Amino acid sequence: SQKIEQNSEALNIQEGKTATLTCNYTNYSPAYLQWYRQDPGRGPVFLLLIRENEKEKRKERLKVTFDTTLKQSLFHITASQPADSATYLCALVTNDYKLSFGAGTTVTVRA
Amino acid sequence: DTAVSQTPKYLVTQMGNDKSIKCEQNLGHDTMYWYKQDSKKFLKIMFSYNNKELIINETVPNRFSPKSPDKAHLNLHINSLELGDSAVYFCASSLSTVQETQYFGPGTRLLVL
(Lines give C-alpha, C1' and ligand atoms only; values in the text may rest on other atoms or scores of the structure.)
Protein backbone atom coordinates (compact mmCIF):
# COMPACT_ATOMS: atom_id res chain seq x y z
CA SER A 1 0.00 0.00 0.00
CA GLN A 2 1.05 3.60 -0.51
CA LYS A 3 2.47 5.37 2.51
CA ILE A 4 3.88 8.76 3.43
CA GLU A 5 5.87 8.94 6.64
CA GLN A 6 7.22 11.97 8.39
CA ASN A 7 9.46 10.28 10.83
CA SER A 8 9.46 12.83 13.64
CA GLU A 9 6.26 13.83 15.35
CA ALA A 10 8.03 16.67 17.14
CA LEU A 11 11.28 18.53 16.78
CA ASN A 12 12.60 21.00 19.38
CA ILE A 13 15.49 23.21 18.39
CA GLN A 14 17.35 26.28 19.57
CA GLU A 15 16.83 29.56 17.77
CA GLY A 16 19.44 30.08 15.07
CA LYS A 17 19.95 26.37 14.39
CA THR A 18 18.82 24.46 11.31
CA ALA A 19 15.76 22.25 11.55
CA THR A 20 15.72 19.23 9.23
CA LEU A 21 12.47 17.35 8.62
CA THR A 22 12.15 14.09 6.71
CA CYS A 23 9.41 12.80 4.46
CA ASN A 24 9.66 9.22 3.19
CA TYR A 25 7.23 7.54 0.85
CA THR A 26 6.66 4.01 -0.40
CA ASN A 27 4.89 2.60 -3.43
CA TYR A 28 4.59 5.98 -5.11
CA SER A 29 6.24 7.51 -8.12
CA PRO A 30 5.22 11.11 -7.58
CA ALA A 31 5.96 13.69 -10.23
CA TYR A 32 6.42 16.27 -7.48
CA LEU A 33 6.12 16.82 -3.76
CA GLN A 34 4.75 19.74 -1.76
CA TRP A 35 5.42 21.10 1.73
CA TYR A 36 2.81 22.97 3.77
CA ARG A 37 2.89 24.79 7.10
CA GLN A 38 0.00 24.55 9.57
CA ASP A 39 -0.36 26.79 12.62
CA PRO A 40 -2.67 25.79 15.50
CA GLY A 41 -6.30 26.49 14.67
CA ARG A 42 -5.57 27.34 11.04
CA GLY A 43 -5.58 25.66 7.66
CA PRO A 44 -2.37 24.46 5.96
CA VAL A 45 -0.46 27.05 3.93
CA PHE A 46 1.58 26.08 0.87
CA LEU A 47 5.33 26.65 1.16
CA LEU A 48 7.24 24.88 -1.61
CA LEU A 49 6.80 22.46 -4.48
CA ILE A 50 9.67 20.40 -5.89
CA ARG A 51 9.48 18.34 -9.07
CA GLU A 52 11.04 14.93 -9.66
CA ASN A 53 13.68 16.39 -11.97
CA GLU A 54 14.73 19.00 -9.39
CA LYS A 55 17.22 18.01 -6.72
CA GLU A 56 16.82 21.09 -4.58
CA LYS A 57 14.57 24.14 -4.20
CA ARG A 58 15.02 27.19 -2.00
CA LYS A 59 12.76 29.95 -0.74
CA GLU A 60 14.29 32.44 1.67
CA ARG A 61 15.43 30.36 4.69
CA LEU A 62 13.69 27.21 3.47
CA LYS A 63 15.34 24.47 1.43
CA VAL A 64 13.78 21.28 0.09
CA THR A 65 15.54 18.31 -1.49
CA PHE A 66 13.94 15.45 -3.37
CA ASP A 67 15.67 12.11 -3.89
CA THR A 68 13.52 9.83 -6.02
CA THR A 69 15.98 6.95 -5.60
CA LEU A 70 15.77 7.06 -1.81
CA LYS A 71 12.07 8.04 -2.05
CA GLN A 72 12.72 10.84 0.37
CA SER A 73 12.40 14.59 0.72
CA LEU A 74 14.24 16.69 3.27
CA PHE A 75 12.92 20.06 4.43
CA HIS A 76 15.36 22.45 6.06
CA ILE A 77 14.67 25.65 7.98
CA THR A 78 17.95 27.53 8.36
CA ALA A 79 18.62 30.20 11.00
CA SER A 80 15.39 29.14 12.69
CA GLN A 81 13.27 31.65 14.61
CA PRO A 82 10.50 31.19 17.19
CA ALA A 83 8.05 32.34 14.49
CA ASP A 84 8.94 29.17 12.54
CA SER A 85 7.23 27.09 15.26
CA ALA A 86 4.41 25.22 13.52
CA THR A 87 3.50 21.81 12.08
CA TYR A 88 5.00 21.06 8.69
CA LEU A 89 3.25 18.66 6.33
CA CYS A 90 4.58 16.97 3.23
CA ALA A 91 2.15 16.01 0.49
CA LEU A 92 2.27 13.86 -2.63
CA VAL A 93 -0.09 13.24 -5.50
CA THR A 94 -0.89 9.54 -5.39
CA ASN A 95 -1.41 7.26 -8.36
CA ASP A 96 -5.16 7.98 -8.25
CA TYR A 97 -4.59 11.76 -8.52
CA LYS A 98 -5.33 12.66 -4.92
CA LEU A 99 -3.13 14.81 -2.74
CA SER A 100 -2.11 12.71 0.25
CA PHE A 101 -0.54 14.24 3.33
CA GLY A 102 1.89 12.93 5.87
CA ALA A 103 0.96 13.19 9.54
CA GLY A 104 3.20 16.23 10.00
CA THR A 105 6.16 17.20 12.17
CA THR A 106 5.63 19.82 14.87
CA VAL A 107 8.62 22.13 15.15
CA THR A 108 9.21 24.21 18.28
CA VAL A 109 11.99 26.80 18.14
CA ARG A 110 13.23 27.92 21.57
CA ALA A 111 14.43 31.49 21.97
CA ASP B 1 -9.65 39.70 1.20
CA THR B 2 -10.16 36.14 2.38
CA ALA B 3 -9.27 33.68 -0.38
CA VAL B 4 -11.08 30.58 0.95
CA SER B 5 -13.70 31.10 3.62
CA GLN B 6 -15.78 28.63 5.58
CA THR B 7 -18.80 28.98 7.81
CA PRO B 8 -19.32 28.28 10.57
CA LYS B 9 -15.94 28.26 12.29
CA TYR B 10 -17.28 26.21 15.19
CA LEU B 11 -20.19 23.79 15.23
CA VAL B 12 -21.38 21.99 18.36
CA THR B 13 -24.36 19.72 17.92
CA GLN B 14 -26.11 16.64 19.22
CA MET B 15 -25.81 13.16 17.80
CA GLY B 16 -28.44 12.46 15.17
CA ASN B 17 -28.75 16.06 13.96
CA ASP B 18 -28.20 17.22 10.37
CA LYS B 19 -25.79 20.09 9.72
CA SER B 20 -24.19 21.94 6.81
CA ILE B 21 -20.82 23.62 6.34
CA LYS B 22 -20.36 26.22 3.61
CA CYS B 23 -17.24 27.11 1.66
CA GLU B 24 -16.54 29.91 -0.79
CA GLN B 25 -13.40 30.83 -2.73
CA ASN B 26 -12.76 34.11 -4.52
CA LEU B 27 -9.60 32.97 -6.31
CA GLY B 28 -11.30 32.02 -9.57
CA HIS B 29 -10.18 28.40 -9.11
CA ASP B 30 -11.90 25.53 -10.89
CA THR B 31 -11.32 22.81 -8.30
CA MET B 32 -12.50 22.61 -4.70
CA TYR B 33 -12.01 19.99 -1.99
CA TRP B 34 -13.21 18.85 1.40
CA TYR B 35 -10.68 17.38 3.83
CA LYS B 36 -11.17 15.92 7.30
CA GLN B 37 -8.48 16.34 9.97
CA ASP B 38 -8.94 14.02 12.91
CA SER B 39 -7.68 14.31 16.48
CA LYS B 40 -4.28 12.92 15.42
CA LYS B 41 -3.97 15.80 12.96
CA PHE B 42 -4.04 13.47 9.97
CA LEU B 43 -5.48 15.32 6.95
CA LYS B 44 -7.52 13.16 4.57
CA ILE B 45 -9.32 13.99 1.31
CA MET B 46 -13.07 13.39 1.27
CA PHE B 47 -14.38 14.95 -1.93
CA SER B 48 -13.25 17.04 -4.86
CA TYR B 49 -15.22 19.01 -7.43
CA ASN B 50 -13.91 20.40 -10.69
CA ASN B 51 -16.11 23.06 -12.20
CA LYS B 52 -19.18 21.79 -10.30
CA GLU B 53 -18.53 18.15 -11.24
CA LEU B 54 -17.65 15.54 -8.60
CA ILE B 55 -14.25 14.03 -9.45
CA ILE B 56 -13.08 12.50 -6.18
CA ASN B 57 -15.38 10.67 -3.82
CA GLU B 58 -13.44 8.83 -1.14
CA THR B 59 -14.81 6.04 0.99
CA VAL B 60 -16.97 8.33 3.07
CA PRO B 61 -20.34 7.35 4.61
CA ASN B 62 -23.19 8.50 2.41
CA ARG B 63 -24.43 10.58 5.33
CA PHE B 64 -21.93 13.10 3.89
CA SER B 65 -23.18 14.83 0.76
CA PRO B 66 -21.25 17.58 -0.99
CA LYS B 67 -22.96 20.12 -3.24
CA SER B 68 -21.40 22.64 -5.59
CA PRO B 69 -23.93 25.20 -6.81
CA ASP B 70 -21.22 26.98 -8.81
CA LYS B 71 -17.46 26.68 -9.09
CA ALA B 72 -16.86 29.23 -6.31
CA HIS B 73 -18.89 27.34 -3.72
CA LEU B 74 -18.72 23.88 -2.22
CA ASN B 75 -20.96 22.93 0.66
CA LEU B 76 -20.95 19.83 2.82
CA HIS B 77 -24.13 18.46 4.34
CA ILE B 78 -23.94 15.79 7.04
CA ASN B 79 -26.99 13.77 8.03
CA SER B 80 -27.51 11.86 11.28
CA LEU B 81 -24.31 13.08 12.91
CA GLU B 82 -22.31 10.57 14.92
CA LEU B 83 -19.70 11.02 17.65
CA GLY B 84 -16.97 9.89 15.24
CA ASP B 85 -17.74 12.79 12.91
CA SER B 86 -16.13 15.16 15.41
CA ALA B 87 -13.11 16.62 13.61
CA VAL B 88 -11.91 19.72 11.80
CA TYR B 89 -13.20 19.98 8.24
CA PHE B 90 -11.14 21.99 5.78
CA CYS B 91 -12.23 23.30 2.43
CA ALA B 92 -9.52 23.95 -0.17
CA SER B 93 -9.26 25.07 -3.76
CA SER B 94 -6.73 24.84 -6.56
CA LEU B 95 -6.41 26.46 -9.96
CA SER B 96 -7.28 23.36 -11.93
CA THR B 97 -6.28 19.83 -11.01
CA VAL B 98 -5.11 18.33 -7.76
CA GLN B 99 -1.50 18.71 -8.88
CA GLU B 100 -1.64 22.42 -8.32
CA THR B 101 -0.98 24.24 -5.07
CA GLN B 102 -3.97 24.01 -2.77
CA TYR B 103 -5.31 26.95 -0.80
CA PHE B 104 -7.04 25.99 2.44
CA GLY B 105 -9.81 27.65 4.38
CA PRO B 106 -9.58 28.25 8.13
CA GLY B 107 -11.45 25.06 9.01
CA THR B 108 -14.73 24.22 10.73
CA ARG B 109 -14.40 22.58 14.12
CA LEU B 110 -17.25 20.13 14.51
CA LEU B 111 -18.02 18.62 17.89
CA VAL B 112 -20.78 16.03 18.13
CA LEU B 113 -22.09 15.41 21.66
So, for the Cα atoms of the protein assembly as shown, Rg and Dmax in Å stand at 17.7, 51
Might you report the magnitude of the Cβ-based charge dipole of the protein assembly as shown about its Cα centre, with Lys and Arg at +1 and Asp and Glu at -1, to the nearest 20 debye?
-> 300
Using r as the Cβ-Cβ distance of A:A10 and A:K59, and R0 as 30 Å, what FRET efficiency do you calculate, to the nearest 0.05?
-> 0.80
Per residue, accessible area of segment A:3-110 with a 1.4 Å probe, heavy atoms of protein chains only, in Å², comes to 49
Mind checking which of A:N24, A:L70, A:T108 is farthest towards the positive end of segment A:3-110's charge dipole, using Cβ charges of +1 (Lys, Arg) and -1 (Asp, Glu) about the Cα centre?
-> A:T108
To the nearest whole number, what is the average tally of beta carbon atoms from other chains within 10 Å of the beta carbons of peptide A:33-45?
-> 4
A/B buried area, accessible surface, summed, 1.4 Å probe, Å² = 1500
For the pair B:E58 and A:Y32, the simple spin-label estimate (label points 7 Å beyond Cα toward Cβ) gives in nm 2.2
Roughly speaking, what is the stretch gain from B:D18 to B:K44, that is 0.36 nm per residue apart minus the C-alpha to C-alpha distance, in nm to one decimal?
-> 7.2 nm
The pairs in B:K22/B:K44; A:K59/B:K36; A:K3/B:K22; A:K57/B:K9; A:K57/B:K71 lying past 23 Å Cα-Cα in this model are A:K59/B:K36; A:K3/B:K22; A:K57/B:K9; A:K57/B:K71
Kindly report the accessible area of segment B:4-112 per residue (heavy atoms of protein chains, probe 1.4 Å, no ligands, DNA or RNA), in Å².
-> 49
Give, ordered by residue number, each residue of segment B:83-113 whose 1.4 Å probe accessible area is reduced by a minimum of 20 Å² on adding the remaining protein chains to the chain alone.
-> B:F90, B:V98, B:Q99, B:T101, B:Q102, B:F104, B:R109
With charges only on Cβ, +1 for K and R and -1 for D and E, what is the dipole size of chain B about its Cα centre, in debye, rounded to 20?
-> 280
What FRET efficiency, computed as 1/(1 + (r/R0)^6) with R0 = 35 Å and r the Cβ-Cβ distance, is obtained for A:T78 and B:L111, rounded to the nearest 0.05?
-> 0.35
On the accessible surface of segment A:3-110, probed at 1.4 Å with all protein chains in place, carbon and sulfur together account for a percent value of 46
Taking the alpha-carbon centroid of each part, what is the distance from segment A:31-64 to segment B:1-57 in angstrom?
-> 22
To the nearest 0.05, what FRET efficiency results for B:N51 and B:N26 with a Förster distance of 22 Å applied to their C-beta separation?
-> 0.85
Ignoring ligands, DNA and RNA, what percent of the 1.4 Å accessible area of chain B is carbon and sulfur?
-> 50
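The values are calculated or read from the model by the stated rules, or taken from the named source; none is laboratory data. Treat the numbers as computed from the prediction; the structure is a model and nothing was measured. Heads up, the Cβs are rebuilt from the backbone with ideal geometry, glycines too, and the neighbour counts pull from every protein chain shown. The area values use the complete protein model at the heavy-atom level, side chains included, leaving out ligands, DNA and RNA. Shrake-Rupley method; radii C 1.70, N 1.55, O 1.52, S 1.80 Å.
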